[in-house]
Every structure is written in structure tokens, then in C-alpha cells.
Amino acid sequence: MSQAAAPERSFAELERWLDERRVTEIECLVPDLTGVARGKILPREKFTEDRGMRLPQGVVGMGVTGEFPEHGPYYDVISRTDADMHLRADPTTVRIVPWAADPTAQVIHDCYDREGRLAPFAPRSVLRRIGELYAAEGWEPVVAPELEFYLVARNTDPDMPLKPPIGRSGRAETSRQAYSIDAVNEFDPLFEDIYQYCEQMELNVDTLIHEIGAGQMEINFFHGAPLPLADEVFFFKRTAREAALRHDMYATFMAKPIAGEPGSAMHVHQNILDSENGRNLFSNADGTPSREFFWYIGGLQRYVPSAMALFAPYVNSYRRLVRSTAAPINIEWGTDNRTVGIRSPVAGGASRRVENRVIGADANPYVALAATLACGYLGIKNRIEPMAECLGDAYLREHQLPRSLSEALKLLRDAKELGAVLGEDFITVYTEVKEIEHEEFMKVISPWEREHLLLHV
């Protein structure tokens, strides 16, 4: 994979961009730990006059339930006085909001403290941190996400199972339709809107396919630098959900939304370029795989189990990672082998790359890209040799990944070397917030418990 250059844009150019489109409102966005868009909506004049917008630190450092830890190490990082973060717009991220009634733009902001330092617990800051580590080595990481999601019928009752939506034929899918063109065409009006929105937002989406599950789709992104690609995934999730609502259905990026159907992943292809000459570090001059290629795989194998709380961030995430469900159960690697967690597609020379198949669609794209690049970075720096290549069905081998969020959080806390690369403050805030989420989940009694335990124990 070669690298697509990220656009450069100054604040003066940003103002001209807004003028040309007669923008009257700005959505000032900050991705939180879950990938949710937080922030404020400002009139154009206010945005131009006041680039010092502020938000409380806790807005970024909270879980999907909106809860905060009451005490503990969290408050060694996040101010107990609810201190402000100072937000700065990244002009390269400006996009139109296609579905807004009035001309509206959306701009992603970075979070800083009052001394002008990046807030270490903000997801975008973590990915910037990893980018700086690569730059210091003279490396340019390149990534290409493949994002799966489900279309489901509207469901306003959380106690009711999700179902595939009704297509143009007037019927819902009842069987698996992998790569079916006709199954995609069932939702042509929706996908026409999604593609139109993506074009208006200048999102570099590539191929749309129907995945294995009933109502399950996959969108592929063109390869490029990690931060712009994470921004695009962030924007696409908002776009797909909004477009689906306008067609009386939901788009969900839950890892396992429907029992009996495959889960949804965010497979990430990745390689590294030499900053001086653009050479793919994963290939030797003669086209054979390099030492760095194998060390990168070794790093993924060593550290992915410890990073699982970042790749599979919710209780639901671990329902996907079970044997024979099109999701990996271990960190075996293989060439053109979709049963392994770490796949090397058939591609030599400049195109040689590694695909991390462990990451769930529910992962925060900034955190997930930072974590997978951190694993590979440590592999090269520490010259970690991979295990022998898996040449057969990896599902016949041992389960090597944590089975639950609580197990994954313990592994993440104990992984000191990985934590040092990602930032100890980030790991502290992340794990504390996830513990709160897990405690909230444990207060809920599931239908399975009522069905099998009520009268049998």
C-alpha cells in the first residue's frame, strides 16, 4: 500500500472554505472514549471570533452509559474540579453536514490543557502520540480499515431482539447473503444517500459489499495516514446512522447485535513506509518479506491479547470472538488465511501488508488504530519473532484471546510496556471508565438467566 497524503489546510483556508459554502453553523466535535461525537454547535460568527472553545475534561473521559468513576486513580488524571479542556479546531477535518437544513459544517477539535499540551486521555491525542513515535524513527504508517455494520429494523424496546429491516421487495432477509448484489440492491435508496453524503463530505470510501450476516454490510476505505482515516471512520459512522434513520431503519456498529449471526469487525490493513524514499519496510529490495514484516507480526502476537480491551471495548464485544463465527479466537498468523487473527494478504513488494482481524466494529477508531500500530511498533523495536505461520484452520487451535471485558482490562493494566507507549494517563482513564461500564452491566439480569435459571436451580 502506498500512502495517500492528508490534506493540509490553514485557518485562513478554512475560513475561505466556509465562505464558499455560505456556512452559517459549525458543529465543533470531539470524539470521546467511545467514539461518540461530543461538543457544541456554534454560529459561524462565534466560531470565527472564538477559537478558544472549552469543554470539561470529563466529557471526553466518560463511558457509553454517561457515568464517571466516583473515586480512584481516574482522578489522578481528570481534575476533580471539572477543569476545562481548551479545544482547537483541526482545519483539515472540516466537512459539510449533508443532512442539515441550513448550510452547516462539522470540524473535529483536539483537546489541550491550559499550558497548551495535548490532553493525554483524549483518543485523538493517543493516535497523534503514536504517529510521533513512528515519525521519530523515520517511518510513515499506512492503514486501510474495512468496517462491517448491520442494518436492522427500528427497535425502540431494548428487551426485544433486533431483526433485519424490510427491503424494496417488502421482505426482510431470512438467510445469509454473502457478497450478494441483489441483497445490496434491496437497500439501494439508502445506499444512494450514503454514497451521496460521503461524496459531499469528501470521504474516501471504496467498496460496499454485503457481508455474511442477514442485513450485514461492509464498507472499505482507501488506504492513507492513520489520523485522517480514523477521522473518516468517525464521520462515516455518523453518516450511516443518520442515513439509515431517514429510511426508517437503524445502522448499528455493535460487535454482535443479532444472536446466531456473525459479528461485525473493523479489519485494519497496515504497513510502514520509509519517510525518506517511500519504500515499504515490509518488503526487501527483491520483493521478499523483510525482517520488519515478521517483527511487526511478532509484536501483534505478543501484545494484541493485552490490547483486547481497546479492540473489544464492551461486554457485547466478546460475543463476537467465539469459535467458527467468522471472527478470530487467537493471534495465529497466516498468508491469505481468514481463520487467523493476523492475516497477510497475497501481496508482495510495495503492497505487502498485515491485516489485524481482531478489532471489532464497535471499537473507537482512534484508539484501535493507535493500539494496533503500538503493538507493531514494539514488535519492530524489540525485534520480536513471530510464531510459525498457521497453514491450516486456526479455529482448530487454542483460544488465545481474553474471553471477557474484565479479563481484558486486567491484561491491559498489567501490560506496562504497551501502556508506556500509549500513555499511562490514557490507560488509567480508559480502564477506570470501562470498569464502571462493566459494573453497570452486571446489575442487569439477562433473558438467558431468566430462561435457564428461574425454575431450574
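The values are calculated or read from the model by the stated rules, or taken from the named source; none is laboratory data. Bear in mind that the values here come from a model prediction, so they are computed numbers and not experimental data. Glycine also receives a Cβ, built like all others from the backbone with ideal geometry; neighbour counts cover every protein chain displayed. Each accessible area value is taken on the protein alone, full model and side chains, heavy atoms only, with ligands, DNA and RNA left out. Shrake-Rupley method; radii C 1.70, N 1.55, O 1.52, S 1.80 Å.
Filtered by the rule that a residue be among the hydroxyl-bearing types (Ser, Thr, Tyr) and crowded, with 24+ Cβ neighbours inside 10 Å, segment 313-342 gives a lone residue, Ser317. Selection within segment 254-294: residues that are β-branched (Val, Ile, Thr) and under 24 Å from the mean Cα position of the chain (by Cα). The member of this set that is farthest from Val233 (Cα to Cα) is Ile258.
Residue check: is Thr207 of a type in the set (Val, Ile, Thr) and either crowded, with 23+ Cβ neighbours inside 10 Å or touching a residue at least 40 places away in the same chain (Cβ under 8 Å) (or both)? Spelling it out, it is not the case that Thr207 is of a type in the set (Val, Ile, Thr) and either crowded, with 23+ Cβ neighbours inside 10 Å or touching a residue at least 40 places away in the same chain (Cβ under 8 Å) (or both). A single entry from Leu369, Leu310, Leu378, Leu373 fulfils the requirement of being open to solvent by less than 20 Å² (accessible area, probe 1.4 Å), closer than 20 Å to Phe234 by Cα, outside any loop (DSSP other than H, G, I, E, B) and out of contact with any strand residue (DSSP E or B) (no Cβ under 7 Å at 6 or more places or on another chain): Leu310.
The conditions of being open to solvent by 40 Å² or more (accessible area, probe 1.4 Å), at pLDDT 95 or above and not β-branched (Val, Ile, Thr) are met by Glu140.
The set of residues from segment 18-52 being touching a Leu at 6+ places or on another chain (Cβ under 9 Å), closer than 30 Å to Asp76 by Cβ and open to solvent by less than 10 Å² (accessible area, probe 1.4 Å) comprises Cys28, Val30.
Residues that are buried (at least 18 other Cβ atoms within 10 Å of the Cβ), small (Gly, Ala, Ser) and part of a strand (DSSP E or B) are absent from segment 152-162 altogether.
Every listed requirement among (1) crowded, with 21+ Cβ neighbours inside 10 Å; (2) touching a strand residue (DSSP E or B) at 6+ places or on another chain (Cβ under 8 Å) is met by Gln200 save one, (1).
Only residues that are aliphatic (A, V, I, L, M) and without any contact (Cβ under 8 Å) to a residue 60 or more places away in the chain were counted in segment 380-424, giving 4.
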